Amino acid sequence: MRDSLEDDIINGRRVPGERLDPEALGREFNVSRTPVREAIQQLVASGLVTVKPKKGTFVARVGIDQLIEMFEVMAELEGMCGRLAARRISEEELAELRGALERCEAAALAGDTDEYYYENEAFHDCIYRASHNGFLLGEARQLKQRLKPYRRLQLQVRQRMHSSLREHRAVVAAIEAGDPAAAEHALRDHVLIQGERFSDFVASIREFERPVSVTG
């Protein structure tokens, strides 16, 4: 249910400012109040949904400036994870990372952006864990959770999935080589939204925020 709601919001089927009625959602997904409440709590944590006391639950309005700031911090956290992973990764963890890369490659080859999204999340989590820094792992996961819908949105930009895959290969090569500086640089640039990617991202956000005309 959470994934379906997330997908609806990302793809504009539920627009910013739209009210979400928990009872209506329960009927729509044929579930009890508990799954609805849990899904809403998860979406609130990711920043997609806001709860206004005495007013209700709403699809959050996206603030581009705040998102860019969050991606800047995410890029630094991921870069740090990459630097530490290049120094500390075990052979077992390296095999797991290679496997995650292979699954990303398979999803990209199939042109399946949804599958790539999930495998991409697993790929990055491998690197977080390979940093062997529990505090950093927790901080990276927490911020990634808030940014997940927008990282997914980026994959809808034309050719971004294949560009992402090339960047993944560079990250793995740096970690395999035990090159902390290269791993940090590759991961930071992979996550940071800059240059043409910035323009594409802003355009996708604006399209996402565009009101949807509903006719009867």
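The values are calculated or read from the model by the stated rules, or taken from the named source; none is laboratory data. The structure displayed is predicted, hence computed values, not measured ones. Quick reminder, even Gly has a Cβ in these numbers, built from the backbone with ideal geometry, and neighbours come from all protein chains shown. Note: accessible area is taken over every heavy atom of the protein model, side chains too, but ligands, DNA and RNA are not part of it. Shrake-Rupley method; radii C 1.70, N 1.55, O 1.52, S 1.80 Å.
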Problem - Cut-off 12 Å between beta-carbons: net charge of the residues surrounding G56, Lys and Arg +1, Asp and Glu -1 - result: +1
Exercise for the section: May I ask you to evaluate 6.51 cos²θ - 1.76 cosθ + 1.60, the Karplus curve with θ = phi - 60°, for each residue of the range 81-89 and list the ³J(HN,Hα) values in order in whole Hz, giving x for glycine and proline? Expected result: 4, x, 4, 5, 5, 4, 8, 10, 4
Practice task
Kindly provide log₁₀ I(q)/I(0) values, in the same order as q = 0.08, 0.18 Å⁻¹, from the Debye equation applied to equal alpha-carbon scatterers of the chain.
Solution key: -0.31, -1.30
Problem - Estimated [θ] at 222 nm from DSSP helical runs (n ≥ 4, -39500 (n - 2.57)) normalised by residues in the chain, nearest 500 - result: -24000 deg cm²/dmol
Problem - Total formal charge among the other residues, if their Cβ is under 15 angstrom from that of D179, Lys/Arg +1 and Asp/Glu -1 - result: +2
Exercise for the section: Given the options V191, V51, V59, state which has the largest fluctuation in a GNM of the chain using a 10 Å cut-off (strictly under) for Cα springs. Expected result: V51
Exercise for the section: For the range 181-189, take each phi angle, set θ = phi - 60°, evaluate the Karplus expression 6.51 cos²θ - 1.76 cosθ + 1.60, and give the result in whole Hz per residue in order, putting x for glycine and proline. Expected result: 5, 5, 5, 4, 4, 5, 6, 4, 5
Completion exercise
Calc'd 3J(HN,Hα), the range 95-102, phi into Karplus 6.51 cos²θ - 1.76 cosθ + 1.60 (θ = phi - 60°), Hz, glycine/Pro = x, comes to 5, 5, 5, 4, x, 5, 5, 4
Fill in the blank from the handout: Given trypsin sites (Lys or Arg not before Pro), DSSP loops and at most 14 other Cβ atoms within 10 Å, the longest exposed-site-free stretch of the chain is 62-157
Handout entry: Accessible surface, per residue, of the range 105-170 when the full set of protein chains is kept, probe 1.4 Å, Å²
Key = 46
Problem - Amide hydrogen neighbours beyond the local backbone of V49, cut-off 5 Å, H modeled - result: V44, A60
